[in-house]
Amino acid sequence: MRILITGGAGFIGSHLCDRYLAEGHEVIAMDNLSTGSVDNIAHLAGHERFEFIKHDVTKYIYVAGPLDAVLHLASLPSPVDYLNYPIQTLKVGALGTHNSLGLAMAKGAKFLLASTSEVYGDPLVHPQVETYWGNVNPIGLRGVYDESKRFAESLTMAYHRYHHVETRIVRIFNTYGPRMRSNDGRVVPNFVCQALRGEPLTVYGDGSRTRSFCYVDDLVAGIVRLMNTEVEGPVNLGNPQEMSIFNFAQKVIDVTGSSSEITFVHPEDARTRDDPKVRCPDTTKARKTLGWEAIVPLEEGLRRTADYFRQKLGLA
Ligand code: UDP
């Protein structure tokens, strides 16, 4: 197959490039490098089946030659990023998805939308099942991300129903691993880097909010299966092992062997406002339709992530 991955120099996108190249496919990574980094794909430079195109997907996308699949990963998924770049966040979800779908249609390619657990907002149904429509504040600070992804899902289904594009939608729950940005502001890089530097771990609020963390290799395996399986509508991919952020902070301290303390802070912005109180995927659909579930234990995934950040921070 010849595959285009938008956001291919990003955290998840670059792991997908690796996976498809390892399977013998041809991969084009497209990225405007606003939050992605060439460091994530530097090891692929010169690979005969790999190409990188620097391009902003909110502008018309031109790719020469045939394409069998378009995986649309380009996005600004960190609350700190969508606080700093709210309009770009809306544009990449709306215009970027429109251009990517138009390209897939023109090439007769299969299309995958990387959607998010944020479509459920601050959920009133727990754990979140695909049939739940969510509880999103459209004018809240997080709305720029949540609504752009909800629009992207609508657009994807419209192209499927009206233009008969073969589509897939993955709702990605919190995913972590090597190649996250140390400063992207999300809880995993924050806590791991703070622990490695011996700084206090910054728990927002009282630490009772819950999340569940999926290691990136598990997620990538699920996405590849989803691409190869005919599934109607969105599929949740994530690890259903739910824990409070306070317990997660303790886990990071244990795994890294850090002497850091835990501190409670109260930022008054998108990091905490409309911050979902709970989040956990119902993965029944993924298990039944894809035969997939997350298998990498949190301790193991955190060890690999800590090894990565130790190198990145020059602490190895
Ligand atoms: N969080 C925290 N300290 C940090 C970063 C995040 O307590 O330094 C909390 C945040 O308020 C949220 C959870 O961790 O409840 C996950 O945040 P993240 O930014 O990773 O992603 P989200 O799941 O909110 O999209």
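Couple of notes before you dig in:
Here's the yes/no breakdown for (1) of a type in the set (Ser, Thr, Tyr); (2) at pLDDT 95 or above; (3) more than 29 Å from Asn228 (Cβ to Cβ); (4) within 16 Å of the ligand (Cβ to nearest atom):
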| position | (1), (2), (3), (4) |
| --- | --- |
| Cys17 | no, yes, no, no |
| Ile28 | no, yes, no, no |
| Asp56 | no, yes, yes, no |
| Ala69 | no, yes, no, no |
| Ala74 | no, yes, no, no |
| Pro77 | no, no, no, yes |
| Ser115 | yes, yes, no, yes |
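- Close Cβ contacts (under 8 Å, 6 or more residues apart or on different chains) running from residues in region 182-196 that are closer than 14 Å to Leu313 by Cβ and among the polar types (S, T, N, Q) to residues that are within 8 Å of the ligand (Cβ to nearest atom) and open to solvent by 10 Å² or more (accessible area, probe 1.4 Å) comprise Asn190/Thr202; Gln194/Thr202.
- Near pairs, Cβ below 9 angstrom, 6+ apart or cross-chain, from region 76-89 (touching a residue at least 60 places away in the same chain (Cβ under 8 Å)) to any residue that is open to solvent by 60 Å² or more (accessible area, probe 1.4 Å) and aromatic (Phe, Trp, Tyr): Leu76/Tyr85
- The set of residues from region 186-199 being open to solvent by 10 Å² or more (accessible area, probe 1.4 Å) and either more than 10 Å from the ligand (Cβ to nearest atom) or at pLDDT below 95 (or both) comprises Leu196, Arg197, Gly198, Glu199.
- Number of residues in region 151-185 that are out of contact with any strand residue (DSSP E or B) (no Cβ under 8 Å at 6 or more places or on another chain), polar (S, T, N, Q) and within 16 Å of the ligand (Cβ to nearest atom) equals 2.
- Checking Thr97, Thr35 one by one, the residue that is within 18 Å of Thr175 (Cβ to Cβ), polar (S, T, N, Q) and in contact with a helix residue (DSSP H, G or I) (Cβ under 8 Å, 6 or more places away or on another chain) is Thr35 and no other.
- Test result for Arg310, within 14 Å of the ligand (Cβ to nearest atom) and of a type outside the set (Asp, Glu): no
- Cβ pairs under 8 Å, 6+ apart, first in region 1-15 and closer than 20 Å to Tyr62 by Cβ, second among the polar types (S, T, N, Q) and not in a helix (DSSP H, G or I): Gly7/Ser75; Ala9/Ser37; Gly13/Thr6
- Taken over region 213-223, the criterion of being among the aromatic types (Phe, Trp, Tyr) and more than 13 Å from the ligand (Cβ to nearest atom) is satisfied by Tyr215 alone.
- The set of residues in region 200-212 being open to solvent by less than 30 Å² (accessible area, probe 1.4 Å) and either of a type outside the set (S, T, N, Q) or near the ligand (Cβ under 6 Å from one of its atoms) (or both) consists of Leu201, Val203, Gly205, Gly207, Arg211.
- Subset of region 128-171 (residues that are open to solvent by less than 20 Å² (accessible area, probe 1.4 Å), under 28 Å from Asp217 (Cβ atoms) and either of a type in the set (A, V, I, L, M, F, W, C) or modelled with pLDDT under 95 (or both)): Arg142, Ala152, Ile169, Val170
- The set of residues in region 96-147 being outside any strand (DSSP E or B) and charged (D, E, K, R) consists of Lys107, Glu118, Asp122, Glu130, Arg142, Asp146, Glu147.
- Conditions (1) part of a loop (DSSP other than H, G, I, E, B); (2) touching a helix residue (DSSP H, G or I) at 6+ places or on another chain (Cβ under 6 Å); number of the one not met by Asp274: (2)
- Selection count where residues are open to solvent by less than 50 Å² (accessible area, probe 1.4 Å) and either closer than 21 Å to Gly93 by Cα or among the hydroxyl-bearing types (Ser, Thr, Tyr) (or both), scope region 57-68: 4
- Filtered by the rule that a residue be part of a helix (DSSP H, G or I) and more than 15 Å from the ligand (Cβ to nearest atom), region 224-255 gives Val224, Arg225, Leu226, Met227, Asp254, Val255.
The values are calculated or read from the model by the stated rules, or taken from the named source; none is laboratory data. The model shown is predicted, which means the values in this text are computed figures rather than measured ones. Here Cβ is always computed from backbone atoms with ideal geometry, including for glycine, and neighbour counts include all displayed protein chains. To get the accessible areas, we keep the full protein, side chains included, count just its heavy atoms, and leave off ligands, DNA and RNA. Shrake-Rupley method; radii C 1.70, N 1.55, O 1.52, S 1.80 Å.
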